[in-house]
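The values are calculated or read from the model by the stated rules, or taken from the named source; none is laboratory data. Keep in mind the model is a prediction, meaning the values are calculated, not measured. Backbone-built Cβ (ideal geometry, glycine too); neighbour counts: all protein chains shown. Accessible surface is based on the protein model in full, side chains and every heavy atom, while ligands, DNA and RNA are left aside. Shrake-Rupley method; radii C 1.70, N 1.55, O 1.52, S 1.80 Å.
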Amino acid sequence: MKKVLPHLGWAAFGIIGAICLAFVALSRGETINALWVVTAAVGIYIAAYRFYGLFIAHKVLAVDPTRMTPAVKHNDGLDYVPTNRHVLFGHHFAAIAGAGPLVGPVLAAQMGYLPGLLWIVAGVVLAGAVQDFMVLFVSSRRDGRSLGDLIKSELGPVPGMIALFGTFLIMVIILAVLAMIVVKALAESPWGTFTVAATIPIAIFMGIYMRYIRPGRIGEISIVGFILLIGSILLGGKVAADPYWAAMFTFTGVELTWLLIGYGFIAASLPVWLLLAPRDYLSTFLKIGTIIGLAIGIVFVAPEMHMPHMTQFVDGTGPVWSGNLFPFLFITIACGAVSGFHALISSGTTPKLLDNEKHAAFIGYGGMLMESFVAVMALVAASVIDPGVYFAMNSPAALIGKDAVEVAAKISQWGFVITPDVLLQTASDVGEHTIISRAGGAPTLAVGMAHILHQVIGGKAMMAFWYHFAILFEALFILTAVDAGTRAGRFMLQDLLGAFVPAFKRTDRLVPNMIGTGLCVAAWGYILYQGVVDPLGGINTLWPLFGVANQMLAAVALILCTVVLFKMKRERYAWVTILPTVWLLACTLTAGWQKIFDASPKVAFLANAARFSAAAERGEVLAPATSMAQMQQVIFNQYLDAALCGLFMIVVLSVLVYGARACWIARASSKPTSHESAYEALPEGSVSA
Amino acid sequence: MAGRLMEESVFKDLAKLGKYLGDTARLMVGQPDYDAYVQHTRLKHPDRTPMTYEEFFRDRQEARFGGAVGKCC
């Protein structure tokens with residue numbers, strides 16, 4: 001009886017979650033309160049952690065609380081530090097949370113909130129959290145080594161190299177997509193552009209203060225920085241209202257692209273303390289603060305969700321991105337459900353800080369549940385706004401036109417009745433010239449957040465402030481990611497090229513560094529540029545490419561975990577990783593195949609290239625091209641995207657083959673063959689609660 | 001008497017919570033606990049002089065962005 005009672009308590013969370021989810025799924029009313037959605041998710045998370053997360057910990061992996069972790073073994077007070085699990089949870093969550101879980105669900109809302117919600121919740125419980133947790137465990141048993149190293153030692157050097165190469169390509173795509181979100185959010189928006197530009201001098205001031213005036217005082221200067229940020233949002237409103245200054249900060253998408261490319265190169269070359277680190281502090285604190293604020297806001301306001309639970313676009317004809325629910329929903333919502341990128345964090349700093357193996361589930365599995373909750377909030381934010389506004393914001397101009405009257409007519413035709421006045425009024429409420437065709441997720445999320453937050457603080461008059469606050473919040477950490485990512489990409493590239501030209505490995509030398517940075521910026525800059533000039537909005541092209549790449553990396557990480565389970569002779573539990581691996585492979589390979597070979601030019605790169613080629617032969621010029629040379633450029637880009645997609649498929653398939661082989665060999669062996677570091681007992685007294 | 005004890009323990013808990021929050025915020029941006037570092041160095045490497053807080057801060061700042069992937073999408 002003693003054993004059953006606590007279980008009943010935990011199970012109650014699951015039952016409450018399931019009831020709420022059933023209510024959400026079966027509700028056929030006009031609107032539904034967002035609290036149902038939030039409660040459903042949280043209830044299921046808690047039960048999933050208690051039952052599935054701890055099942056993996058105790059049964060599948062058999063975590064050993066007496067085993068010494070790398071943090072204890074190599075404790076140096078710097079890189080390896082045994083850390084309180086709650087403190088480490090915060091560190092880990094701050095490292096995995098980014099723009100991904102915010103943007104994916106917003107884009108997925110075109111099919112209604114229900115399909116997205118189901119995948120976010122099911123995906124995280126069965127795939128995403130499993131991956132994050134198990135990679136953390138695997139890395140922690142191997143001195144906190146990185147994903148590439150782990151694949152090299154458990155699967156072999158060739159798949160290790162392939163995975164490293166794949167990771168670099170994914171990095172490039174991520175940087176391009178993130179940068180494009182910023183471009184889409186700031187184009188023709190003097191208010192947004194001014195505030196984001198103002199973060200550069202603010203960060204530099206903070207950097208100098210922390211370096212020379214009062215070294216290392218993060219807290220006080222972050223508060224000053226935050227006040228300056230708020231000041232820049234308020235000042236931005238004045239700038240946008242003044243014709244002279246507004247013109248100074250109004251840029252087209254292409255202009256912003258060039259500015260970002262230049263920025264990326266310079267920022268990645270500057271010393272880290274000057275710009276990158278201080279902005280990282282601001283963006284991290286702002287990110288965490290905003291996420292908490294949004295959660296409180298949703299509970300406090302309890303907004304009604306106006307998006308239908310399912311729209312007609314589940315058939316694949318949606319304007320935001322094309323393709324059927326299967327497989328494209330599952331790659332559009334990437335980070336909130338499962339994200340391969342997290343495998344890099346789980347095999348990065350976190351395992352070096354883990355004080356005891358028994359806390360790995362709380363940090364790895366629990367941290368990812370939290371990230372998933374962020375995705376649910378993003379889905380809520382996208383669903384509380386008028387669906388007509390949502391589609392006006394996210395559909396490309398090529399489909400809906402540019403004029404409010406025309407746009408409203410077109411979207412009303414789809415069944416989302418909206419008047420031109422509402423579109424104009426919403427734009428003026430948030431202090432923008434227009435909200436039409438502002439794809440990329442960030443502006444929609446910002447409208448949704450403003451919609452929720454202005455009901456908590458400030459009322460209608462503060463809507464424009466909250467909109468630009470939300471834009472700033474996203475742009476700030478995206479720019480930090482672009483800067484840090486370019487540096488990381490440069491190191492990866494130098495590592496890769498160094499295998500062929502040893503001089504490239506010299507990361508302390510100026511010339512190889514400049515070439516590395518230049519190549520890295522050029523790579524993401526090129527993809528960014530082609531996305532920005534894409535007539536279908538770029539998101540349609542790049543986001544699926546990103547999703548495919550990210551989910552494939554997750555499949556690679558899960559293949560690694562499967563191999564490790566086989567090598568530990570625990571293959572009877574291998575279904576825990578095989579199940580999500582198979583699902584991810586099915587989604588990504590189908591999506592990849594369709595992106596390359598589908599007959600519809602809206603979905604497939606090759607079909608679109610053929611459409612442009614055919615037009616070029618007839619001597620026609622199709623938008624966005626304005627000349628024959630540009631037509632050739634578009635055709636080339638389509639082939640490039642197809643090749644990238646194909647490359648990702650080859651990467652994941654070859655890792656699969658190597659993984660299957662490793663499992664086969666491990667199975668034949670009579671004893672465990674995994675390359676764990678030898679068992680050492682935790683010293684007396686450090687086996688704490 | 002019992003009331004005072006309780007009050008003390010509440011203050012103690014609050015102070016502990018404050019330290020946790022501070023530690024969490026610092027570690028989120030890659031700065032581990034300086035006191036723990038000093039204590040560790042004194043205890044395990046008595047021959048070394050621990051870095052000053054300023055040196056420690058700069059060292060960790062460089063380390064955070066010195067190569068590894070520190071940020072996610």
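Scanning the stretch B:3-51 for residues that are within 14 Å of chain A (Cβ to nearest Cβ) and part of a helix (DSSP H, G or I) yields a count of 25.
Being closer than 22 Å to A:Val224 by Cα and modelled with pLDDT under 95: is that true of A:Ser283 here? Yes; evaluated as a whole, the condition is true for this residue. Only one of the listed residues (A:Leu102, A:Leu126) is within 16 Å of the chain's Cα centre (by Cα), more than 9 Å from every other protein chain (Cβ to nearest Cβ) and either surrounded by fewer than 24 Cβ atoms within 10 Å (Cβ to Cβ) or within 24 Å of B:Thr24 (Cα to Cα) (or both). That residue is A:Leu102. A:Phe165 passes every criterion in (1) within 14 Å of chain B (Cβ to nearest Cβ); (2) at pLDDT below 90; (3) under 14 Å from A:Leu496 (Cα atoms) apart from (1). Residues of the stretch A:265-277 that are crowded, with 16+ Cβ neighbours inside 10 Å and either more than 14 Å from chain B (Cβ to nearest Cβ) or out of contact with any Leu (no Cβ under 9 Å at 6 or more places or on another chain) (or both): A:Phe265, A:Ser269, A:Val272, A:Trp273, A:Leu274, A:Leu275, A:Ala277.
Here A:Thr252, A:Thr257 are screened, and the one residue that is touching a residue at least 40 places away in the same chain (Cβ under 8 Å), away from every other protein chain (no Cβ under 14 Å), open to solvent by 40 Å² or more (accessible area, probe 1.4 Å) and within 30 Å of A:Gln530 (Cβ to Cβ) is A:Thr252. Got at least one residue in the stretch A:24-35 being over 30 Å from A:Pro115 (Cα atoms) and acidic (Asp, Glu)? Within the stretch A:24-35, none of the residues are over 30 Å from A:Pro115 (Cα atoms) and acidic (Asp, Glu). Can you name every one of the helices (runs of 4 or more DSSP H) wholly within the stretch A:87-192 that holds 1 or more residues which are aromatic (Phe, Trp, Tyr)? Passing ranges, in order: A:113-123, A:129-140, A:157-186.
Taken over the stretch A:330-356, the residue count meeting the criterion of being away from chain B (no Cβ under 11 Å) and in contact with a Cys (Cβ under 9 Å, 6 or more places away or on another chain) is 2.
Note on the stretch A:583-625: residues that are among the aromatic types (Phe, Trp, Tyr) and farther than 17 Å from A:Phe648 by Cα total 1. No other residue among A:Val521, A:Val533, A:Val501 is out of contact with any helix residue (DSSP H, G or I) (no Cβ under 8 Å at 6 or more places or on another chain) and among the β-branched types (Val, Ile, Thr) apart from A:Val501.
Among all residues of the stretch A:295-308, there is at least one that is open to solvent by 30 Å² or more (accessible area, probe 1.4 Å), in contact with a Phe, Trp or Tyr (Cβ under 9 Å, 6 or more places away or on another chain) and either under 30 Å from A:Gln413 (Cβ atoms) or part of a helix (DSSP H, G or I) (or both). Scanning the stretch A:129-150 for residues that are open to solvent by 10 Å² or more (accessible area, probe 1.4 Å) and of a type in the set (Ser, Thr, Tyr) yields a single hit, A:Ser146. Within the stretch B:4-21, residues that are closer than 18 Å to A:Gly219 by Cβ have Cβ atoms under 8 Å from residues that are of a type in the set (Lys, Arg) and open to solvent by 100 Å² or more (accessible area, probe 1.4 Å) in no pair, counting only partners at least 6 apart in sequence or on another chain. Residue count for the stretch A:666-680 satisfying the condition of being open to solvent by less than 100 Å² (accessible area, probe 1.4 Å) and part of a helix (DSSP H, G or I): 2.
In summary, helices (runs of 4 or more DSSP H) completely within the stretch A:460-577 and bearing 2 or more residues that are within 12 Å of another protein chain (Cβ to nearest Cβ) and free of Cβ contacts under 8 Å to residues at least 60 places away in the same chain occur at A:463-498. On inspection, A:Asp598 passes the criterion of being under 26 Å from A:Val172 (Cα atoms), surrounded by 16 or more Cβ atoms within 10 Å (Cβ to Cβ) and out of contact with any Leu (no Cβ under 7 Å at 6 or more places or on another chain).
Pairing each residue of the stretch B:26-39 that is free of Cβ contacts under 8 Å to residues at least 60 places away in the same chain and within 11 Å of B:Arg60 (Cβ to Cβ) with any residue that is aliphatic (A, V, I, L, M) and open to solvent by 20 Å² or more (accessible area, probe 1.4 Å), provided the two are 6+ apart or on different chains, yields C-beta distances under 8 Å for B:Gly30/B:Ala63; B:Pro32/A:Leu78; B:Tyr37/A:Leu78; B:Tyr37/B:Met51.
Among the conditions (1) within 30 Å of A:Arg145 (Cβ to Cβ); (2) touching a Ser or Thr at 6+ places or on another chain (Cβ under 7 Å); (3) assigned to a loop (DSSP other than H, G, I, E, B), A:Cys663 misses just one, which is (3).
For (1) within 14 Å of chain B (Cβ to nearest Cβ); (2) open to solvent by less than 60 Å² (accessible area, probe 1.4 Å); (3) farther than 30 Å from B:Glu62 by Cβ; (4) without any contact (Cβ under 8 Å) to a residue 40 or more places away in the chain, each residue gets a yes or a no:
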position	(1), (2), (3), (4)
A:Phe13	no, no, yes, yes
A:Ser27	no, yes, yes, no
A:Ala40	no, yes, yes, no
A:Ala47	no, yes, yes, yes
A:Leu61	no, yes, yes, no
A:Asp64	no, yes, yes, no
A:Asn75	yes, yes, no, yes
A:Asp79	yes, no, no, no
A:His86	yes, no, no, yes
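Of all residues in the stretch A:427-459, which are part of a helix (DSSP H, G or I) and either at positive phi or open to solvent by 10 Å² or more (accessible area, probe 1.4 Å) (or both)? Scanning the stretch A:427-459 gives A:Ser428, A:Asp429, A:His451, A:Leu453.
Checking the condition under 19 Å from A:Leu270 (Cα atoms) and of a type in the set (Val, Ile, Thr), which residue from A:Val548, A:Val533, A:Val521 passes? Sole residue among the options that is under 19 Å from A:Leu270 (Cα atoms) and of a type in the set (Val, Ile, Thr): A:Val521. In the set A:Ile202, A:Ile227, which member is away from every other protein chain (no Cβ under 14 Å), over 30 Å from A:Asp149 (Cα atoms), in contact with a Ser or Thr (Cβ under 8 Å, 6 or more places away or on another chain) and not hydroxyl-bearing (Ser, Thr, Tyr)? Exactly one residue qualifies, and that residue is A:Ile202. Going through (1) crowded, with 24+ Cβ neighbours inside 10 Å; (2) modelled with pLDDT under 95 one by one, A:Ser322 falls short only on (1).
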